[in-house]
Each structure stands twice: as C-alpha cells, then as structure tokens.
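Worksheet: one structure, shown below.
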Amino acid sequence: NKVIRKDTLVLVTNKCQQILLGLKKRGFGVNKWNGFGGKVEANESIEDAAKRELLEECNLECNRLEKIGILSFEFVSDPTAPQHLEIHVFHTQDVSGEVRESDEMKPKWFAIQDIPFKDMWADDPLWFPIWLKGSRFRGFFRFSGQSTITDYTLQEISKD
Ligand code: 6U4
Ligand code: NA
Ligand code: NA
C-alpha cells in the first residue's frame, strides 16, 4: 500500500527574463536552488497549497497560477525522503509583494539563461527546457539518494 505525498512547486518569472529560485536552507533538498512549494495539507486544494507555500517561503502573493506539469518520484535508499512524491508544478508571472527571505528559503533572481542547474535537483535540467519552450510535461523519476537518477520517463505535452 503505497503512500503518495502531494507537493507543489511554483516557478516565478518576471518580464526581464528572470526566474526567482530559493536556496533551501533546511530539510529535504537542503542547499539546492529550487522553486517554492511544499506539502498539500488536508482540506486544502493543490492551488491553495501552492499559493500558501509561495507566501510562506518568499513573501510573494500570487493571483493566478498556470499548471505546467506533474512529476512523480520514487526515492530509494534515502530515509529522510518520502518514498513516493507527486509534485504539481505551476508557473506564474502574476505576483505582488516584496521578495523576502524566510527560515526555509533564500530567494534570488537568476537570468533564465543562467539557471544554476548543477546546484538543483537532477531532474530539473531535464524538464525545465520543455517548460521554457512552452509545452507541458509529465515525468517519473527514480532517485537513489538525493543526487542520482537511476531511471526516468518524461513526456512533453504540447498545449495545442
Ligand atoms: P516543511 O518543512 O514541513 O514546511 P514543506 O515545505 O512542506 O516542508 P519540503 O521542505 O519537503 O516541503 O520541500 C518540498 C519541496 O521540494 C517542494 O516544493 C517540491 C520540491 N522538490 C522535492 N523534490 C524535488 C525534485 N526532485 N525536483 C524539484 N523539486 C523538488 O524540482
Ligand atoms: Na518547501
Ligand atoms: Na514550506
């Protein structure tokens, strides 16, 4: 009986071709640059969870989210990771407020040309390019520890 934890991930971009990422300061994925997000709580919609985590982690309020993909993960040989994770990934450019560091994340804007993939989760360089060219994606990744992908599948889903 497998328990699948539902998570969110929000990628914020601006009109200057930049993306806001956060350096994870503690816990799961510590020291990696990542979008903002976390666990969906009971009695909360996935979109509400995504907005709440964005606000908690970098102080931005978001009005509209665009769903861009779903990623499923299986983590083996990592006792700190949930065994199965399903991450709902969103994009937004529609944010308000001032970016602020939190206990969990140190936020920083990067040029989209200079996304720091070598300091991110190993799946990110595989699916970011699909999003950046305007398609959606569906992926499955099996990790051994927090840095090695042992196998994966990834589909591009065009929007038309
Ligand atoms: P707490 O500390 O309980 O509030 P929470 O913020 O709910 O935790 P946490 O810290 O476990 O969640 O972080 C999960 C975040 O990491 C989600 O936004 C999804 C993201 N994430 C996890 N694995 C990932 C991966 N392989 N690739 C990726 N993002 C990943 O791009
Ligand atoms: Na989080
Ligand atoms: Na969080």
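The values are calculated or read from the model by the stated rules, or taken from the named source; none is laboratory data. Just so you know, these numbers come straight off a predicted model, no measurement behind them. Heads up, the Cβs are rebuilt from the backbone with ideal geometry, glycines too, and the neighbour counts pull from every protein chain shown.
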| request: Select, from Ile115, Ile130, the only residue that is over 18 Å from Trp33 (Cβ atoms), modelled with pLDDT of 95 or more and either crowded, with 17+ Cβ neighbours inside 10 Å or within 16 Å of ligand 2 (Cβ to nearest atom) (or both). | output: Ile130
| note | In the range 24-38, anything of a type outside the set (S, T, N, Q) and within 12 Å of ligand 2 (Cβ to nearest atom) is listed as Lys24, Lys25, Arg26, Gly27, Phe28, Gly29, Val30, Lys32, Gly35, Phe36, Gly37, Gly38
| task | Identify all residues within the range 104-157 that are part of a loop (DSSP other than H, G, I, E, B) and either under 21 Å from Gln93 (Cβ atoms) or of a type in the set (D, E, K, R) (or both); write none if there are none. | result | Glu104, Ile115, Pro116, Met120, Asp123, Lys133, Gly134, Ser135
| query | Would you pick out the residues in the range 125-155 that are in contact (Cβ under 8 Å) with a residue 40 or more places away in the chain and closer than 23 Å to Pro82 by Cα? | reply | Trp127, Phe137, Arg138, Gly139, Phe140, Phe141, Arg142, Phe143, Ser144, Gly145, Gln146, Thr150
| said: Of everything in the range 22-54, what is in a strand (DSSP E or B) and more than 10 Å from ligand 1 (Cβ to nearest atom)? Give them in sequence order. | reply: Leu23
| Taking the range 77-96 on its own, how many of its residues are without any contact (Cβ under 8 Å) to a residue 40 or more places away in the chain, part of a loop (DSSP other than H, G, I, E, B) and closer than 21 Å to Glu47 by Cβ? | 1
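Quick grid of which residues meet (1) surrounded by 15 or more Cβ atoms within 10 Å (Cβ to Cβ); (2) within 16 Å of ligand 3 (Cβ to nearest atom); (3) over 21 Å from Phe128 (Cβ atoms); (4) acidic (Asp, Glu):
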{"site": "Ile4", "(1), (2), (3), (4)": "no, no, yes, no"}
{"site": "Thr13", "(1), (2), (3), (4)": "yes, no, no, no"}
{"site": "Gly35", "(1), (2), (3), (4)": "yes, yes, no, no"}
{"site": "Val40", "(1), (2), (3), (4)": "yes, yes, yes, no"}
{"site": "Arg52", "(1), (2), (3), (4)": "yes, yes, yes, no"}
{"site": "Phe75", "(1), (2), (3), (4)": "yes, no, no, no"}
| query | Given the conditions (1) without any contact (Cβ under 8 Å) to a residue 60 or more places away in the chain; (2) not in a helix (DSSP H, G or I), and given that Glu57 satisfies all but one, which numbered condition is not satisfied? | reply | (2)
| task | Determine whether the range 75-97 contains at least one residue that is touching an Asp or Glu at 6+ places or on another chain (Cβ under 6 Å), over 18 Å from Phe143 (Cα atoms) and within 11 Å of ligand 2 (Cβ to nearest atom). | result | no
